[in-house]
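Just below is one structure, and these are the notes that go with it.
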């Protein structure tokens, strides 16, 4: 089954790629999760236009994004949260929370560039990855401590 990826999918491809997958995987997982759309020439043209538009936008802002990554790389954010006796938090830290913490440190960019597989639910140090494009990416440390 031919599909067009709407988002980057590990071990499958990047946004805008046309890939062949097993029909069940495409129909039952990728399409319902809004990670892909079925292949057609008009959909391919639309996906290529969107990808080119995003690439041009990132290329225009490349210097600004690289400066942001330098600021982010030196960053070590510490936040205190309520937690149980063990390591588990009473809530979780999501992309939205991380975006707010970055704004507090005078770093502003959209949360869609923050790569977080799932919300953070444990105390300790966590590596947060930021990816603007395939060649412009970085990371910073987020430390979650127990609130007294």
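A few points about this structure:
- Taken together, the criteria place residue 34 among residues that are outside the structural domain of residue 109 (by TED's automatic domain parsing), within 28 Å of residue 102 (Cα to Cα), out of contact with any strand residue (DSSP E or B) (no Cβ under 6 Å at 6 or more places or on another chain) and loosely packed, with under 14 Cβ neighbours inside 10 Å.
- First in the stretch 10-22 and in contact (Cβ under 8 Å) with a residue 60 or more places away in the chain, second anywhere and surrounded by fewer than 16 Cβ atoms within 10 Å (Cβ to Cβ), Cβ under 6 Å, 6 or more apart: 14/8
- Boolean, residue 63 is within 30 Å of residue 125 (Cα to Cα) and assigned to a helix (DSSP H, G or I): yes
- The set of residues in the stretch 13-38 being in a loop (DSSP other than H, G, I, E, B) and modelled with pLDDT under 90 consists of 14, 15, 16, 17.
- Entirely in the stretch 69-148, the strands (runs of 3 or more DSSP E) that have 2 or more residues that are crowded, with 17+ Cβ neighbours inside 10 Å and under 15 Å from the mean Cα position of the chain (by Cα): 124-131, 137-146
- For residue 102, the criteria (1) out of contact with any strand residue (DSSP E or B) (no Cβ under 7 Å at 6 or more places or on another chain); (2) in contact (Cβ under 8 Å) with a residue 60 or more places away in the chain; (3) over 30 Å from residue 19 (Cα atoms) hold in every case but one, which is (2).
The values are calculated or read from the model by the stated rules, or taken from the named source; none is laboratory data. The shown structure was predicted, so the numbers you read here are calculated from the model rather than taken from an experiment. Here Cβ is always computed from backbone atoms with ideal geometry, including for glycine, and neighbour counts include all displayed protein chains.
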